[in-house]
Amino acid sequence: MQLSDLLEAARADAPPARYDVDHVVRAGRRLRRRRRTAWVAGVALAVAAVIGVPQWLHGPDRRSAPVVQPGPVVPSLVPFDYTFTGYRAGRFTVTDPLSLSLGWMFAKITDDGSKKPGCAVMCHLSIGLPGAPLPAGITGERITAEPINGRPAYFLADKGGIRYLIWDYADGAYAHVQAPVPLAMTKAEMRQIAEGFRPGAARAAHLGFRMTYVPADYRLTNVTTPAGSPSARFEVAEVAEARMTAPTRVPPESLRTSHATLLISVIPFHKTDGSGPTTPECTTPKIDGPSCRMFVGDGRTMVNVMTTDATTLPVAELRRTLEGITVLDQDQPGTWPRVNDAIPAAAQLTVNR
């Protein structure tokens with residue numbers, strides 16, 4: 001320590017002038033010691049106070065958080081959703097969609113019965129999902145038509161006349177009105193139906209029965225949802241996946257012909273004596289594939305399970321499938337489950353497989 005420092009410290013508490021320099025130096029040293037002692041004591045008290053502070057006053061814990069490894073990706077089921085609702089177009093009514101496949105939605109077109117034979121079984125509106133090409137069976141002579149809502153359109157005709165009006169309702173998405181002209185409607189009326197179509201928000205399709213069992217390796221590819229006659233179609237996974245990924249959405253013929261299709265149908269009977277089987281009854285016809293059926297409820301509703309090939313899907317599998325079906329109240333479609341909830345998840349395709 002420098003003498004000048006001691007003198008400066010002593011000046012703040014200077015002794016009487018009667019003391020000599022030695023006294024001044026000793027006084028300064030005592031003052032410095034007292035101040036240092038007081039400072040150390042203050043620090044000790046502060047540390048003690050911090051240690052004694054309750055833990056809830058502490059700042060956030062800055063220790064490294066444990067690393068959480070991401071879990072496996074849960075595949076999403078391919079949704080069975082409708083994307084339009086029915087509407088009126090002149091004397092015609094387009095119903096709500098009735099059937100849904102991996103590529104297309106279908107609705108009936110009915111009329112008021114005036115003048116023409118009508119559209120009893122011949123008129124349909126089909127809406128393709130984005131990316132789905134026109135079905136292979138829709139062929140004929142192309143006849144140019146005026147755009148529909150500003151998008152390209154054309155008629156297709158065969159030997160019997162015009163059968164289809166086809167147009168692009170969105171980028172990469174086709175729609176078509178199917179009706180014999182002029183038997184059921186005119187070309188102008190086909191255009192009227194097409195111009196009235198508007199896509200809407202997706203809403204889940206619902207099914208009038210539940211299933212607890214589907215044979216292994218079969219996947220849902222089509223449902224029909226109207227009350228009274230719901231149905232579901234299953235194909236082997238390889239064929240079903242080709243319907244999602246093949247450029248034409250059509251599996252190779254070798255796949256389609258070498259594997260069976262499984263079809264579930266609920267069929268209403270307005271008149272029955274109630275004598276139908278109430279437990280599975282299975283048959284194996286020589287021409288068609290085997291099937292199993294039984295009547296449920298009041299005996300007026302039959303559930304039928306059939307396949308196109310007994311070698312790849314034996315009768316025992318059909319019987320087990322039928323026993324796992326519960327038919328719901330066909331008069332209460334508002335209580336039906338979504339298609340994706342009515343069918344076992346293992347029997348459905350996934351988006352991110």
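Taking θ as phi - 60°, what are the ³J(HN,Hα) couplings along the range 277-294 by the Karplus curve (6.51, -1.76, 1.60), each to the nearest whole Hz, with x for Gly and Pro?
x, 9, 10, x, 10, 10, 9, 10, x, 6, 9, 7, x, x, 8, 10, 9, 6
Subtracting the Cα-Cα distance from 0.36 nm times the residue separation, let me have the gained length for T311 to I287 in nm, one decimal.
7.3 nm
Say R0 is 35 Å: what FRET efficiency, to the nearest 0.05, do D331 and A157 get from their beta-carbon distance?
The value I calculate is 0.25.
Gap in Å between the Cα centre of the range 119-149 and the Cα centre of the range 262-341?
Taking the Cα centre of each part, the range 262-341 and the range 119-149 sit 33 Å apart.
What is the extension gain from H270 to R198, computed as 0.36 nm multiplied by their sequence separation minus the C-alpha to C-alpha distance, in nm to one decimal?
In short, 22.3 nm is gained.
Using modelled amide H (1.01 Å from N, peptide plane; none on Pro or chain starts), what sits under 5 Å from the amide H of D81, excluding residues fewer than 5 places away?
Those lying under 5 Å, H to H, from D81 are A205.
Starting from the Cα gyration tensor of the range 206-347, take the square roots of the eigenvalues, sort them a ≥ b ≥ c, and report rounded, prolate or oblate (rounded when a/c is under 1.5, otherwise prolate if a/b is larger than b/c, else oblate). Show your work: numbers first, answer last.
Details: a/c = 2.15, a/b = 1.36, b/c = 1.58.
Since a/c reaches 1.5 but b/c is at least a/b, the shape of the range 206-347 is classed as oblate.
I need the trypsin sites (Lys or Arg not before Pro) found in the range 275-313, filtered to DSSP loop residues with at most 11 other beta carbons within 10 Å of theirs.
Within the range 275-313, the qualifying trypsin sites (Lys or Arg not before Pro) (loop, at most 11 other Cβ atoms within 10 Å) are K286.
What ³J(HN,Hα) values, in whole Hz, does the Karplus curve 6.51 cos²θ - 1.76 cosθ + 1.60 give for the range 226-239 when θ = phi - 60°, with x put for Gly and Pro?
With the stated coefficients, the range 226-239 comes to x, 4, x, 8, x, 8, 8, 10, 10, 10, 4, 3, 4, 6 Hz.
Going by average Cβ density within 10 Å per residue, which order do the peptides 338-345, 130-137 take, highest to lowest?
Ranked from most to least packed, the peptides come out as 338-345, 130-137.
Long-range amide H contacts for G299: which residues qualify at under 5 Å (H placed 1.01 Å from N, peptide plane, sequence gap of 5 or more or a different chain)?
none
Can you list residues whose amide H is under 5 Å from I162's amide H, if they're 5+ apart or on another chain and H is modeled 1.01 Å from N?
Residues meeting the amide H criterion: V181.
In debye, nearest 20, what is the charge dipole magnitude of the range 206-347 about its Cα centre with +1 on Lys and Arg Cβ and -1 on Asp and Glu Cβ, if you could check?
Roughly 140 debye for the range 206-347.
What is the magnitude of the charge dipole of the range 81-201 about its Cα centre, with +1 placed on the Cβ of each Lys and Arg, -1 on the Cβ of each Asp and Glu, and no other charges, expressed in debye to the nearest 20?
With Lys and Arg at +1 and Asp and Glu at -1, about 320 debye.
If the chain between T278 and T212 were fully stretched, how many nm would it gain, using 0.36 nm times the residue separation less the Cα-Cα distance?
Full extension from T278 to T212 adds 21.9 nm.
Every number in this text was worked out from the coordinates using simple rules, so none of it is lab data. Just so we're clear, the structure is a prediction, and the values are computed from it rather than from any experiment. Backbone-built Cβ (ideal geometry, glycine too); neighbour counts: all protein chains shown.
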